[in-house]
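The values are calculated or read from the model by the stated rules, or taken from the named source; none is laboratory data. Quick caveat: nothing in here was measured; it's all calculated off a predicted structure. Here Cβ is always computed from backbone atoms with ideal geometry, including for glycine, and neighbour counts include all displayed protein chains. Note: areas computed on protein heavy atoms with side chains; ligands, DNA, RNA excluded. Shrake-Rupley method; radii C 1.70, N 1.55, O 1.52, S 1.80 Å.
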Amino acid sequence: MSDEDEIILKDLNDADLVDQMKDDLYDGLADEVFEGVEILLERGWDANLVLSDALVEGMRIVGVDFRDGILFVPEVLQCAGAMKKGMGLLRPILAQSSTKSSTGKFVIGTVKGDIHDIGKNLVGMMLEGAGFEVIDLGINNPVENYLEAIDKHRPNVLGMSALLTTTMPYMGVVIEELDKRGILKELPVMVGGAPLNQEFADAINATSYGRDAAMSAELAKTLVGKNM
Amino acid sequence: MAQHLLAEQNVMSNKRRQRRCLVVACGALAKEIVALRSQLALARSGSVSGPGALGSGEEVMTLQCLPAGFHNTPGKIAPAVEEILRDCAHEFDSVFVAYGECGTGGALDDVLKRYGASRMTGAHCYEFYAGGDLYEQIIEEQIGSFFLTDYLVKNFDRLIITGLGLDRFPHLRDDYFGNYTQLVYLSQTKDAALLQKAFGAADRLGLELRHIHVGYGGLASELEAVTKAVAKAAPGKIAPSPQSIEQLHVRG
């Protein structure tokens, strides 16, 4: 691209800048997304609005194209990296913001026997973008870790992730334990991961199945009654 | 026209004499299955005769492979296997699918159930190469074990580096492999050059290499069981496919 074609983000009006940021996020251009966030904040935009209109909306488009087979995991990770960089600037502002309103608490973790966390991390990021306070338990979590986190954080939703066919049945073990303890009546449980489907989620009595990161965030909002 | 018909009939009668099985396999196992097929045929050719005898191997076992790249996109495995089974399973006495569960989330087993076919025991090729006990032991010792076989070592650049986009975005390495602690190379053959390549692969991923020579493991025993079952079964039951009948009628 020649210098003449180069887009100067500062020269764009707000609407064009937000559109350009979504394009840059789609292309995984972390520095450009970061710059866009800076400009919008300088122009007096509320951090919540920057997050929802530019970053979350950009990632939603990425999620749709991933689902439709237009984008693949490496590209999605690039996009996520760009969003992460933009969020790095917004996070401290959001934490101090008087207008900050948490959508709810979400405990999330990859189940026992499984060390894969790419999908979980994407979901966590989208949840954060949707205003959730995310408590990430990391990987390889036995049922005790979930119970401890539920007890400690009193979340609105519990999320479990698995990539392996051999580890996904463990989600059913956790749900059964929650049911035994009477927790399941009060706490919605979302499950997700590449080999899962709605049929499996129904079979293990999960509240809902998140097909992809963007959809999971939308579903989570619905579960806590913040999506109406 | 009549000669065509005769040729078709000869093919059909040959089919009736020789019982056959179809093996639908992951391309990552093709070389190993061809080697095993020859070994099995050689081992049996002198001791079994008459209908059902194993010749060079191809007469008994027809191998059809799917792209090994499906390793990275397991959602494509079950539909692709089903397409093959729909097209030609009826031409064979038995069908064996040389895949593990391979992350299909039960979709592959659903297809196999519909066609009365079976598959390799285990979740992945590493599991059936290593055998269940050894595989469990490795995972038990180090849950962050990333496995490679001969095929995966040979095709490491294409399947792992390019397949995961690490050629374009090398900084994503830790996103993919940050939770792994060792690379376990389960070798099928003793090949110093491959071992050297496995060291290189481990180095690129920032992991320690552990090499265990396991040979063909469960792949050998399961293929042997399949060919034995075909050879022992009563000959002459194969019905011509509806498509073949139609072709014969048209030509006649």
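Here are the numbers:
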| read-out | value |
| --- | --- |
| Per-region count, the stretch B:52-72, residues assigned to a loop (DSSP other than H, G, I, E, B) and modelled with pLDDT of 90 or more | 1 |
| Selection from the stretch B:194-220 of residues that are surrounded by fewer than 17 Cβ atoms within 10 Å (Cβ to Cβ) and assigned to a loop (DSSP other than H, G, I, E, B) | B:Gly206, B:Gly215 |
| Residue in the stretch A:146-185 that is farthest from the other protein chains (Cβ to nearest Cβ), counting only those that are surrounded by fewer than 23 Cβ atoms within 10 Å (Cβ to Cβ) and among the β-branched types (Val, Ile, Thr) | A:Ile183 |
| Options A:Leu41, A:Leu77: the member that is within 14 Å of chain B (Cβ to nearest Cβ) and part of a helix (DSSP H, G or I) | A:Leu77 |
| Residue within the stretch A:131-149 that is touching a helix residue (DSSP H, G or I) at 6+ places or on another chain (Cβ under 6 Å) and farther than 16 Å from A:Thr110 by Cβ present | no |
| Exclusive hit being crowded, with 19+ Cβ neighbours inside 10 Å and not basic (Lys, Arg), set A:Glu6, A:Glu57, A:Glu38, A:Glu32 | A:Glu32 |
| Residue in the stretch B:168-190 that is of a type in the set (Asp, Glu) and not in a helix (DSSP H, G or I) present | no |
| Residue within the stretch A:117-136 that is open to solvent by 30 Å² or more (accessible area, probe 1.4 Å), farther than 30 Å from B:Gly132 by Cα, assigned to a loop (DSSP other than H, G, I, E, B) and not acidic (Asp, Glu) present | no |
| Check on B:Asp191, within 14 Å of another protein chain (Cβ to nearest Cβ) and open to solvent by 10 Å² or more (accessible area, probe 1.4 Å) | no |
| Residue match in the stretch B:181-190 (condition: under 26 Å from A:Ala80 (Cβ atoms) and in contact (Cβ under 8 Å) with a residue 24 or more places away in the chain) | yes |
| Residues (within 14 Å of another protein chain (Cβ to nearest Cβ) and within 14 Å of the chain's Cα centre (by Cα)) located in the stretch B:64-84 | B:Gly69, B:Phe70, B:His71, B:Ile77, B:Ala78 |
| B:Ser187, sole failed condition from (1) at pLDDT 85 or above; (2) under 25 Å from B:Val34 (Cα atoms); (3) in contact with a Gly (Cβ under 7 Å, 6 or more places away or on another chain) | (3) |
| Residues satisfying the stated conditions in the stretch A:83-113, i.e. within 14 Å of chain B (Cβ to nearest Cβ) and touching a Phe, Trp or Tyr at 6+ places or on another chain (Cβ under 8 Å) | A:Lys85, A:Gly109, A:Val111, A:Lys112, A:Gly113 |
| Selection within the stretch A:149-200 - without any contact (Cβ under 8 Å) to a residue 12 or more places away in the chain and among the aliphatic types (A, V, I, L, M) | none |
| Any hit, the stretch B:142-149, residues being among the hydroxyl-bearing types (Ser, Thr, Tyr) and open to solvent by less than 40 Å² (accessible area, probe 1.4 Å) | yes |
| Unmet requirement for A:Ala15, which otherwise passes all of (1) open to solvent by less than 60 Å² (accessible area, probe 1.4 Å); (2) of a type in the set (Gly, Ala, Ser); (3) farther than 20 Å from A:Leu127 by Cβ | (1) |
| Helices (runs of 4 or more DSSP H) wholly inside the stretch B:96-162 containing at least 1 residues that are under 20 Å from A:Thr167 (Cα atoms) and within 13 Å of chain A (Cβ to nearest Cβ) | B:107-115, B:125-130, B:132-141 |
| Meets criteria (within 10 Å of another protein chain (Cβ to nearest Cβ) and under 28 Å from B:Glu208 (Cβ atoms)) for B:Arg168 | yes |
| Residue that is of a type in the set (Ser, Thr, Tyr) and in the same structural domain as B:Gly27 (by TED's automatic domain parsing), where the choices are B:Thr162, B:Thr181, B:Thr227 | B:Thr227 |
| Filtered residues of the stretch B:73-93 (kept if open to solvent by less than 40 Å² (accessible area, probe 1.4 Å) and outside any helix (DSSP H, G or I)) | B:Phe92 |
